[in-house]
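The values are calculated or read from the model by the stated rules, or taken from the named source; none is laboratory data. Since we're looking at a predicted model, the values are computed, not measured. Here the Cβ is made from the backbone with ideal geometry for all residues, glycine too, and neighbour counts use every protein chain on show.
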Ligand SMILES: NC(=O)c1ccc[n+]([C@@H]2O[C@H](COP(=O)([O-])OP(=O)(O)OC[C@H]3O[C@@H](n4cnc5c(N)ncnc54)[C@H](OP(=O)(O)O)[C@@H]3O)[C@@H](O)[C@H]2O)c1
């Protein structure tokens, strides 16, 4: 059985991956800052060499999309240099790496008139998207044994949109949510499963991994309220209107960043459910906690 080394193990995806690997009784170790700082190449090499894993899954990232606009150097260090370091180490140890990336590497203006597939041209519009796109490039430059899996609108055990909406619903009768950005809300449960399945192959390359189905953030919020029995009303606003009232720099986000899991479908490994079904399960689990 392969031993997994998980970076960013205290984040949403890192936690879910650890949980599923433990349930499957797969050997795994996970580290997060401060024990592992992926921007520190020498210290990371020492730690990973010592753990002697069979595969690295790089879940560590600076995921605060607006925060990356104000802290551009840190975003570059973590999302680009960190990814490069992990791939370089994977190459030295002659093991594969799974690098997690994002729909925000795409321009997202719906000029193709269809969901993005893995081979479509990328053109990020934000610092987050750009630093993640450069991270992909660095991984490809450092090793041949890479899987890059692009996901989107992720929620799991940690800070996320679903929890933010539920908190707002406890305080307000109405919330304003953007309705001109369309994507696919994705559960870490589905993504972690896909990662574990991919790790069992040597089908290296770029993959898209998002739940099936499409909605806007406003639709997503409305569905969260409906499913959770909240009466809060969603007031749909444009991204422009939202940015004016945010009181802080707001990154430009794709208006259409729907991804098709073409590569996973080709491998018969597309385990992603419709986003409604994954959200149902998530809300049930939240209620039990
Ligand atoms: N969240 C989304 O909506 C979304 C969408 C598309 C793609 N993705 C990608 O999916 C992956 C997992 O996302 P997620 O939602 O699980 O992110 P997350 O919850 O923010 O977890 C990322 C983890 O990485 C840690 N980290 C930050 N800098 C680090 C460093 N220098 N060294 C080691 N660890 C560091 C973070 O610690 P701190 O919390 O202390 O910073 C955090 O625990 C990321 O690659 C992300 O880019 C996420």
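Only a single item in (1) in contact (Cβ under 8 Å) with a residue 12 or more places away in the chain; (2) closer than 18 Å to residue 129 by Cβ; (3) more than 10 Å from the ligand (Cβ to nearest atom); (4) surrounded by fewer than 17 Cβ atoms within 10 Å (Cβ to Cβ) is not met by residue 71, and it is number (1). Among the conditions (1) over 20 Å from residue 96 (Cα atoms); (2) within 15 Å of the ligand (Cβ to nearest atom), residue 23 misses just one, which is (2). Of all residues in the stretch 1-14, exactly one satisfies the criterion of being in a strand (DSSP E or B) and more than 20 Å from residue 201 (Cα to Cα), namely 7. Residues that are more than 19 Å from the chain's Cα centre (by Cα) and in contact (Cβ under 8 Å) with a residue 40 or more places away in the chain within the stretch 12-36 comprise 24, 26, listed in sequence order. Residues in the stretch 123-141 that are closer than 22 Å to residue 74 by Cβ and in a loop (DSSP other than H, G, I, E, B): 124, 125, 126. Would you confirm, using the coordinates I've provided, whether residue 119 is within 8 Å of the ligand (Cβ to nearest atom), in a loop (DSSP other than H, G, I, E, B) and under 28 Å from residue 200 (Cα atoms)? No: the conditions fail for residue 119. Figure legend. Inter-residue proximity from the stretch 139-164: first residues within 7 Å of the ligand (Cβ to nearest atom), second residues modelled with pLDDT under 95 and outside any helix (DSSP H, G or I), beta-carbon distance below 8 Å, spacing 6+ or different chains. Indicated pairs: 152/257.
If you go through the stretch 238-258 and keep only what is assigned to a loop (DSSP other than H, G, I, E, B) and in contact (Cβ under 8 Å) with a residue 60 or more places away in the chain, you end up with 238, 248, 249, 250, 251, 252, 253, 254, 255, 257, 258. In the condition set (1) closer than 25 Å to residue 174 by Cα; (2) assigned to a helix (DSSP H, G or I); (3) in contact with a strand residue (DSSP E or B) (Cβ under 8 Å, 6 or more places away or on another chain), residue 235 is compliant with all but (2). On inspection, residue 97 fails the criterion of being closer than 22 Å to residue 9 by Cα and surrounded by fewer than 21 Cβ atoms within 10 Å (Cβ to Cβ).
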